[in-house]
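The values are calculated or read from the model by the stated rules, or taken from the named source; none is laboratory data. Quick caveat, the model's predicted, so the values are computed rather than measured. So basically every Cβ, Gly included, is an ideal-geometry build from the backbone, and we count neighbours across all protein chains shown. Only protein heavy atoms, including side chains, enter the accessible area calculation; ligands, DNA and RNA are left aside. Shrake-Rupley method; radii C 1.70, N 1.55, O 1.52, S 1.80 Å.
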Amino acid sequence: MLVGGRSPDKAATAATRMGGRAVTPAEAVAGRDAVLVAVSWQGLPHILNDAGAAGGSLAGTPLIDPTNAVEHGVGELVTADRRAIAEHIADWAPGAQVVKAFHMFPADQWREGAEPVTVVLAGDDENALRVTSRLVTDVGARPAVLGPLRRARQLEEVAGFTIGLAFSGVDPNAAVPRVPTS
């Protein structure tokens, strides 16, 4: 696993923790089967620029977006035009196959032995959705494709709803109806 970041020291620390190797952002994305861009939403334009995304370095690559551009503790979308941050990523990384995924569950719900979570995906490219679904399965979760990238805003709004409730002291699970599965 390669880890690239704007801070070489932080990238090296993260790489060591994950058993990977620290590289520059451009090296991290070159020739990869998929790229997960795991930075705060404010840092997205910068890291994508450092990776050469505007010049096409991510063209044809599944680019997985787990970010939530929401006000901390409140959960309201903060993008100026109210579009999903995933849609902005598609603008900043022309030709990348952007998939919204991995943005809902905190780390403690990924622990070994826990019930598998469902990771909802939104994206326009079938191959990118297939690659991301395989990665979701590989980490022990269940993939569920919601639809095209334009639906990413709904996913980000759900994250904001969940964050807002959690910071208000309300269990978000109590606010979502359970649908019986058969």
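Miscellaneous remarks
- Anisotropy class of the range 1-99 from Cα gyration tensor, a/c 1.5 cut: oblate
- Share of carbon and sulfur in the accessible area of the range 29-95 stands at 52%, probe radius 1.4 Å.
- Summed residue charge, Cβ within 12 Å of residue 66's Cβ, Lys/Arg positive, Asp/Glu negative: -1
- Entry for Rg and Dmax of the Cα atoms in Å (calculated from the structure that is shown) out of (1) 18.7, 64; (2) 17.1, 53; (3) 16.4, 49: (3)
- Protein heavy-atom accessible surface, 1.4 Å probe, per residue over the range 140-182: 68 Å².
- Among the GluC sites (Glu not before Pro) found in the range 1-109, those both in a DSSP coil and sparsely packed, with 14 or fewer other Cβ atoms within 10 Å of their Cβ, are 71, 76.
- When the GluC sites (Glu not before Pro) in the range 111-182 are filtered for DSSP coil states and for at most 10 other beta-carbon atoms within 10 Å of their beta-carbon, the remaining sites are 112.
- Per residue, in Å², the accessible surface of the range 50-104 once ligands and nucleic acids are set aside, probe 1.4 Å: 37
- For the residues 92, 41, 110, a GNM of the chain with alpha-carbon springs under 10 Å puts the largest fluctuation on 110.
- Contact order, relative form, for the chain: 18 percent (alpha carbon pairs under 8 Å, 6 or more residues apart, mean separation divided by residue count).
- Under 12 Å, Cβ to Cβ, from residue 124 - net charge with Lys/Arg +1 and Asp/Glu -1: 0
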